[in-house]
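Here's the structure, in structure tokens; my notes come after.
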Amino acid sequence: MVFRADASQSKYLKYFLPFMFIYSFEWLYLQLERVNVQEVKKLAFEVYVPRRSERKARAKLPMVKLSKNSIVLNKIARERLSSNNIQLAYDQDSRTIRIKPAESGGILIKKTKIFGKGFFKQFGIEFKGAFPATYDEQENALYVPVTRQA
């Protein structure tokens with residue numbers, strides 16, 4: 001349907017405008033009905049699976065996030081260490097960070113963050129991102145394998 005209005009009909013255009021959209025949607029609906037169902041079945045559909053279950057499983061693991069200047073521990077990691085003072089160590093061969101509670105001295109954990117700019121500089125660590133940690137009960141330490149570059 002084509003609607004043409006000249007200057008004398010412009011005052012009535014506001015009344016016909018809503019009906020024009022209704023007719024255009026009806027035309028679109030009729031065109032969509034003409035689509036062959038067999039053609040739609042041949043399309044390759046991918047099923048969406050929510051990632052919430054993966055997120056819940058990851059939330060139960062101790063995670064360590066490394067940024068330019070700090071190390072952030074998640075709740076599980078902090079509960080496993082159960083100390084506000086920690087000791088940081090780095091193994092160059094396996095590229096693993098060890099986080100262990102310190103009995104005296106050590107680095108203070110402020111809420112969830114460990115400020116480790118000096119630690120990163122001393123060992124030349126330029127890794128960034130979130131890494132899963134493993135907890136060793138005998139050593140009472142978290143081991144964070146850092147395998148990818150920034």
Legend entry - Distance in nm between pseudo-label sites at Lys110 and Thr147 (7 Å out along the Cβ direction from Cα): 3.3
Inset, instruction - Would you please state the base-10 log of I(q)/I(0) at q = 0.22, 0.23, 0.25 1/Å for the stretch 90-150, with intensities from the Debye formula using one equal scatterer on every alpha carbon? - result: -1.11, -1.21, -1.38
Inset, instruction - For Ala141, list long-range residues whose amide hydrogen, built 1.01 Å from N in the peptide plane, is under 5 Å from its own amide hydrogen. - result: Asp136
Inset, instruction - Assuming R0 = 22 Å, can you tell me the calculated FRET efficiency for the pair Asp93 and Lys60, based on Cβ-Cβ distance, to the nearest 0.05? - result: 0.15
Legend entry - HN-Hα J in Hz across the stretch 62-77 - Karplus 6.51, -1.76, 1.60, θ = phi - 60°, x for Gly and Pro: x, 10, 10, 10, 10, 10, 4, 10, 9, 10, 10, 9, 7, 4, 5, 5
Legend entry - Only Lys, Arg (+1) and Asp, Glu (-1) charged, at Cβ; the stretch 68-132 dipole about Cα centre in debye: 340
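Since every read-out is calculated from the coordinates, none of them should be taken as a lab result. Values in this document were obtained by computation on a predicted structure and should not be read as measured data. Heads up, the Cβs are rebuilt from the backbone with ideal geometry, glycines too, and the neighbour counts pull from every protein chain shown.
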